[in-house]
Amino acid sequence: MSIEFNELKKRKDTLRSNRSAWDPRFQELRELIHPHASDFNRKAAKGQLRTEQIFEGTAPYACELFASGLGAFGTPKSDRWFTLSVQDYDLKRDRNAQKYMEYITDRIMHEYALPSVGFYDSTHECYLELGSIGTTVMNQEFNYNKGHIQFKCVPLSNVWIDEDSDGRVDTVFREVSWTKRQIIQHFDKEADQLPKKIAEGKDESKVWTITQAVYPRADRDASKLTATNKKYASIWFCEEAHDSTSDGILRNHGYDEFPFHVPRWSKKSGEVYGRSPGWTCLPDIRLINTMEKTQIRSAQKQADPPLLVPSDGFMLPIRTSPSSLNFFEPGLANNEMIKPLETRGRYDIGEDKMSQKRDHIMRCFYADWIQRQKKKERQSAFEVQDDREEMLNLMGPNMSRIENEFYSPTLFRTYTLLRDNGQLLPPPPSLAGRELKIIYTSPSVKAQQARKGIANRRWLAEELIPMAQVDPKVLDILDTDAYIMEAAEHGSVSRSIIKDIKDVQAKREADAQQQQMQQMAETAQPASEALKNVAQAKEMGLGI
């Protein structure tokens, strides 16, 4: 065996062993909340029923609602949920810089909206795993055959991860199951270098387990720009194909940025894998499933109870279907007839308790802010905004983690892939060498950042304007330009419709100069008329 293969296999086995303590819990969460996810500690046959453990559907429905809510409030397809900016304050007001950053934003949004890119489909799958399991994995690559970026949600059951010293996931080992045809399609130009077992395999339907290992490359030479000297190593290997003639390595290359994005919904210190909203209410999910199963059995007994039948006098078998006939010997007493066995059980006795559990499960998945209940009494716009803001602010800590571990790495890698593959226009000179930053403008972020804008509007509507009716001089304190610019920023108004501040100042100076000249002309007009009258009088000999 080669040393490299030994190290890869040992690292994979270690990561697999580290996750083995989590697998039973992940499997239970999969079975009770997200039945269509992949299995962790058992493999279901294709086409097998995957909802056999679910007797009550509140948890799966709440998870679907949670995923839809994250999509609507975090990455809405119909709304711009992020924009780009720079640290330099002066550049924020530079029109060319603003228009270019807006162009980059729209270009990325256009890329994500392409159906073949799979961004929104993949993020929805990731949101489902975040809600049910608590950890999800997204892969982002550039598809050179199609000329665009490609997103894929990788099943967590096939992935093992590790963190760096800062708690960021920087290592991913993932398995894929491919036939020989699929392996040749994926490795394309390197297909003639495949291990002998795969290349000469006669069984085209055989499924091979291939592992991709992506991790920081510690022994690289940064001065060399080769694939094997990039920041992150990416090695594909097949344990089944390893033998004396091959080390089992299918490809050895690398990445400049980490190609996997691994958000965790919440995480305990010292743990690598995250916890989901489903973890919080898992006892209630178990209980409500058990209670529902019991109630179903109780209702079945009430609708189709067991029968008490005398040991003799009847011709068997007993028929219980409609219009059936059961024959018995004449002379049997009434107390010897067939009678239902009365259990005196009440299948509805636990309904109140189940209703409480359903409400708690829905709250754990934040259904109360996703499906905001409309109040019967009339509400002002400020009150409606306050209610929505208060509910979305509850997501603040979790959304902050999602932004840092999911949205930011995804957007930066998208920008880099588009730039490096000639998909973007060059930046203006003012942005050369500048570092861009991401500003999130999704509904959830707007709710968290809306207090300043709401406070400004309330102060203007409820304090300044009413006071101006008493004393108009108080309006002198208002900087209307600053107010309008802040309102535009909070409202994510397109920069293309806002003039550059220098152009505005130049226009105001020109208008002021023109107005001054007009005033001077109006002031000089009476004197000019008087001189004209004097001259006319002298000509007429009036002696004036």
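The values are calculated or read from the model by the stated rules, or taken from the named source; none is laboratory data. On a predicted model such as this, the values are computed, not experimentally measured, just so you know. Ideal geometry is used to build each Cβ from the backbone, glycine not excepted, and the neighbour counts take in all protein chains shown. Side chains are part of the model used for accessible areas, which takes the heavy atoms of the whole protein and leaves out ligands, DNA and RNA. Shrake-Rupley method; radii C 1.70, N 1.55, O 1.52, S 1.80 Å.
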- Query: Here are Ser78, Ser132, Ser116: which of them is free of Cβ contacts under 8 Å to residues at least 12 places away in the same chain and not acidic (Asp, Glu)?
  - Reply: Ser78
- Message: Looking only at residues that are touching a Gly at 6+ places or on another chain (Cβ under 9 Å) and assigned to a loop (DSSP other than H, G, I, E, B) in segment 17-50, which one is nearest to Glu125 (Cα to Cα)?
- Response: His34
- Message: For segment 85-96, check the following and say yes or no: at least one residue is touching a helix residue (DSSP H, G or I) at 6+ places or on another chain (Cβ under 7 Å), open to solvent by less than 20 Å² (accessible area, probe 1.4 Å), modelled with pLDDT under 90 and not in a helix (DSSP H, G or I).
- Response: yes
- Query: Within segment 66-80, is even one residue in contact with a His (Cβ under 8 Å, 6 or more places away or on another chain), open to solvent by 50 Å² or more (accessible area, probe 1.4 Å) and part of a loop (DSSP other than H, G, I, E, B)?
  - Reply: no
- Specify which of the listed residues (Lys374, Lys353) is at pLDDT below 65, basic (Lys, Arg), open to solvent by 70 Å² or more (accessible area, probe 1.4 Å) and over 30 Å from Asp162 (Cα atoms). Lys374
- Task: Kindly indicate whether any position in segment 127-139 is open to solvent by 30 Å² or more (accessible area, probe 1.4 Å) and either β-branched (Val, Ile, Thr) or over 24 Å from Asp13 (Cβ atoms) (or both).
- Result: no
- Message: I'm checking my understanding of the structure. Among residues of segment 97-114 that are at pLDDT 90 or above, more than 16 Å from the chain's Cα centre (by Cα) and open to solvent by 10 Å² or more (accessible area, probe 1.4 Å), which one is nearest to Ile33 (Cα to Cα)?
- Response: Leu114
- Just a yes or no: is a residue in segment 277-296 surrounded by 15 or more Cβ atoms within 10 Å (Cβ to Cβ) and assigned to a loop (DSSP other than H, G, I, E, B)? yes
- Filtering segment 190-210 down to residues that are of a type in the set (Lys, Arg) and assigned to a loop (DSSP other than H, G, I, E, B), which residue is surrounded by the most Cβ atoms within 10 Å (Cβ to Cβ)? Lys206
- Find all pairs meeting these conditions: Cβ atoms under 9 angstrom apart; at least six residues apart or on different chains; first residue within segment 174-185 and small (Gly, Ala, Ser); second residue open to solvent by 30 Å² or more (accessible area, probe 1.4 Å). Ser177/Asn158; Ser177/Val207; Ser177/Thr209
- For Lys146, indicate whether it is farther than 24 Å from Ser20 by Cβ, part of a helix (DSSP H, G or I) and more than 21 Å from the chain's Cα centre (by Cα). no
- Message: Quick check on my filter: what residues within segment 221-268 are assigned to a loop (DSSP other than H, G, I, E, B), surrounded by 18 or more Cβ atoms within 10 Å (Cβ to Cβ) and among the small types (Gly, Ala, Ser)?
- Response: Ala241, Gly248
- Out of Ala218, Ala213, sole residue that is within 19 Å of Asp170 (Cα to Cα) and either in contact with a helix residue (DSSP H, G or I) (Cβ under 7 Å, 6 or more places away or on another chain) or open to solvent by less than 80 Å² (accessible area, probe 1.4 Å) (or both): Ala213
